[in-house]
């Protein structure tokens, strides 16, 4: 069993309750996910994300090489600046989403749990004569998120890499510990998609709000660029990520992957959902672009109003403001 599949040692902290599904190896909460959301919003605390995979790319050609392979402008990336980048299929579908930082010697990035083997295999095949080395360092390096580490104006910042052996010491210094339920509620409210949870195998970056945050539109060619550029120029992605405000009278959240209906017809699917301490029950959903914004949708049998994440007309990412 790899380190990525083992329960986090922080599940031994007081009041820790394990998550489920893909997040089962870390804590869902430590007693009160509403309180934990408020702690994170105040700029305090941390979230254990040690179940995520970590890949490291080293060597003098690493940034030029990654720049040529992925969607982000990386060849002049300054050390310490957090960034996100995507690996696309030749047809423009998102295959991998990496969130990382360069330290001047190597680029270290985290991905969804269990995804490092496939990513490392792909990158290894693409090395050719470049002076780069690719390694899965999940067993040595853990991921956490701290609001105190966020960089103003930088999407996907706040993530920190911690030597896995030092995770308990990090938790003691960075506390209080907050769980995935709190983290997910705030992420969903920001309109940030998780690959494979809020997306499917057909998703292109324009649909999921990654234009401008993980996709740089003024860079050289990379695999899948033609699709991204064409859809951006036309301004009309086939589908769009939307934030759903769910009717709270039914004390449940929709099942991930459940159908989203409009007028009795399936128009999309539900992604991740959570209970936000101010907004109430919310979810992300991928729906057809032409679904009107002002209609109430049916999300797994729950009435749901929409808030724009990806504009259906121009395909640009608009981050919802928390009320």
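At a glance:
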{"item": "Protection proxy ranking of 106-116, 231-241 - average other beta-carbon atoms within 10 Å, highest first", "result": "106-116, 231-241"}
{"item": "Cα shape, region 93-210, gyration tensor, a/c 1.5 rule", "result": "oblate"}
{"item": "Approximate spin-label separation residue 24-residue 249, in nm, with each point projected 7 Å along Cα-to-Cβ", "result": "3.6 nm"}
{"item": "Stretchable slack from residue 118 to residue 64, in nm (0.36 nm times residue separation minus alpha-carbon distance)", "result": "17.3 nm"}
{"item": "Estimated 222 nm signal from helices in the chain, with DSSP H stretches of n ≥ 4 weighted -39500 (n - 2.57), rounded to 500", "result": "-5000 deg cm²/dmol"}
{"item": "Gain upon complete extension [residue 35, residue 148; 0.36 nm per residue less C-alpha separation]", "result": "39.0 nm"}
{"item": "Average Cα contact separation per residue, region 116-219, under 8 Å, 6 or more apart, as relative contact order %", "result": "15 percent"}
{"item": "Stretch gain in nm, segment residue 200-residue 293, where the contour uses 0.36 nm per residue and the Cα spacing is subtracted", "result": "31.3 nm"}
{"item": "At q = 0.08, 0.11, 0.12 Å⁻¹, base-10 log of I(q)/I(0) for the chain (Debye sum, equal scatterers on each alpha carbon)", "result": "-0.36, -0.69, -0.83"}
{"item": "Those residues of region 144-182 whose amide nitrogen sits under 17 Å from the label point placed on residue 15, 7 Å along Cα→Cβ", "result": "172, 174-182"}
{"item": "Isotropically averaged projected area of region 176-262, using the convex hull of Cα atoms (one quarter of hull area), nm²", "result": "8.4 nm²"}
{"item": "In nm, spacing of pseudo-spin labels at residue 172 and residue 81 (7 Å Cα→C-beta vector)", "result": "3.7 nm"}
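Bear in mind these aren't lab numbers, they're just calculated from the coordinates by the rules spelled out. What you see is a predicted model, and the numbers here were worked out from it, not measured in a lab. Here the Cβ is made from the backbone with ideal geometry for all residues, glycine too, and neighbour counts use every protein chain on show.
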